[in-house]
Amino acid sequence: MQLLYSMFVLLTAPVVVFACEGQCIVDITNEYLRRYTPVMLYVLQDMAEQISTDLVPPSARRASPITYFGPVLDAYNSTAYAGLENAIFPSYFHGKCQDADGVDPAGCPDPDCPIVCGTPGSMVHFYAKLRSIAFEQTTAMLANLTKPSSATYKEVEKLVMADVNTARRRTLDNLSRIIPSQGQTLSNKHGMRDIQQSLQGIMKQLPQLMGQKCGAPKLSRCSWEKAMKAYILSFP
């Protein structure tokens, strides 16, 4: 009877969570994604307006230049969660905080754990590192999606070049009586190469623009420290 009672106590005792896991991981990752969404959109909007103003003739400019980045946004939305979760958990914060004897250091697991592990208290103590991980992962993912070798970059380039070509065709049609067709073709090819190079130059600004928007190097405008610490510590 005593054995059955002991087993019953073990089975019905509350489960103690020693590390951020399950819903804790999901919710913290999603909270960072939510907070970075307006930052990302601001930077892409800035770049899209540069593309529209510097590269696309007025007659073919879009009412919403941000639509050039539709392929980038689609790819980001489908992959951002997995990349950010892995960058935080388990690449840096993972496991329990106990030492070899199974003893929690002072302040662990909550509210301020000076050991790098997977508890909310550890994330709070090393919040500067957590803030850096979120920024660097978000920036790196967007940079990868806008580098010339990426499939998403090539899709953006197609959209831009299609608008440029539309405007040029209109202009060439109007000038066809006074400009030889061969000269038109050569001029058009030369101009296309210039636009492609300029587009690459605009895209390369992304990491710098993200840093400016977030107040790098301290990331003062992408810290959300007080609110995020309180949110992290709301998990057991």
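The values are calculated or read from the model by the stated rules, or taken from the named source; none is laboratory data. None of these values were measured; they are calculated from a predicted model. Because the Cβ atoms are built from the backbone with ideal geometry, glycine has one as well, and the counts that use them run over all protein chains shown. SASA here: full protein model, heavy atoms, side chains in, ligands and nucleic acids out. Shrake-Rupley method; radii C 1.70, N 1.55, O 1.52, S 1.80 Å.
Are there any pairs, at least 6 apart or on different chains, whose C-beta atoms fall under 9 Å, with the first in segment 217-236 and touching a residue at least 24 places away in the same chain (Cβ under 8 Å) and closer than 18 Å to Phe89 by Cβ and the second open to solvent by less than 80 Å² (accessible area, probe 1.4 Å) and small (Gly, Ala, Ser), and if so, which?
Between residues of segment 217-236 that are touching a residue at least 24 places away in the same chain (Cβ under 8 Å) and closer than 18 Å to Phe89 by Cβ and residues that are open to solvent by less than 80 Å² (accessible area, probe 1.4 Å) and small (Gly, Ala, Ser), the close pairs are Ile232/Gly121; Leu233/Gly121.
Mind checking whether some residue in segment 85-93 is closer than 18 Å to Glu157 by Cα, open to solvent by less than 10 Å² (accessible area, probe 1.4 Å) and β-branched (Val, Ile, Thr)?
no
For segment 27-66, which residues satisfy the criterion of being open to solvent by 50 Å² or more (accessible area, probe 1.4 Å) and not charged (D, E, K, R)?
Matches in segment 27-66: Asn30, Thr37, Pro38, Leu41, Tyr42, Gln45, Thr53, Pro58, Ser59, Ala63, Ser64.
Are there any pairs, at least 6 apart or on different chains, whose C-beta atoms fall under 6 Å, with the first in segment 52-73 and part of a helix (DSSP H, G or I) and the second among the small types (Gly, Ala, Ser) and open to solvent by 40 Å² or more (accessible area, probe 1.4 Å), and if so, which?
As it stands, the answer is Leu55/Ser198, since those pairs meet every condition given.
Could you check Phe69 against (1) in contact with a helix residue (DSSP H, G or I) (Cβ under 7 Å, 6 or more places away or on another chain); (2) closer than 27 Å to Arg168 by Cβ; (3) open to solvent by 70 Å² or more (accessible area, probe 1.4 Å) and say which number it fails?
(3)
From Ala106, Ala80, which residue is assigned to a loop (DSSP other than H, G, I, E, B) and of a type outside the set (S, T, N, Q)?
Exactly one of Ala106, Ala80 is assigned to a loop (DSSP other than H, G, I, E, B) and of a type outside the set (S, T, N, Q), namely Ala106.
When residues of segment 220-234 are filtered for being closer than 15 Å to Ile133 by Cα, open to solvent by 10 Å² or more (accessible area, probe 1.4 Å) and among the hydrophobic types (A, V, I, L, M, F, W, C), how many remain?
So the count comes out to 1.
Of these, Met47, Met1, which one is farther than 30 Å from Gln98 by Cα and modelled with pLDDT under 95?
Only one candidate passes the filter, namely Met1.
Pull up segment 98-154, narrow it to residues that are polar (S, T, N, Q) and under 20 Å from Tyr32 (Cα atoms), then point me to the one that is most open to solvent (accessible area, probe 1.4 Å).
Top of the filtered list is Asn144.
Could you give me the residue pairs with C-beta distances under 6 Å whose first residue belongs to segment 27-50 and is over 16 Å from Ala87 (Cα atoms), whose second residue is part of a helix (DSSP H, G or I) and β-branched (Val, Ile, Thr) wherever it lies, and which are 6+ apart or on separate chains?
Matching pairs, first to second residue: Gln45/Ile66; Met47/Ile202; Ala48/Ile66; Gln50/Ile202.
I need the full set of residues from segment 114-131 which are outside any helix (DSSP H, G or I) and of a type in the set (Ser, Thr, Tyr), in order please.
Thr119
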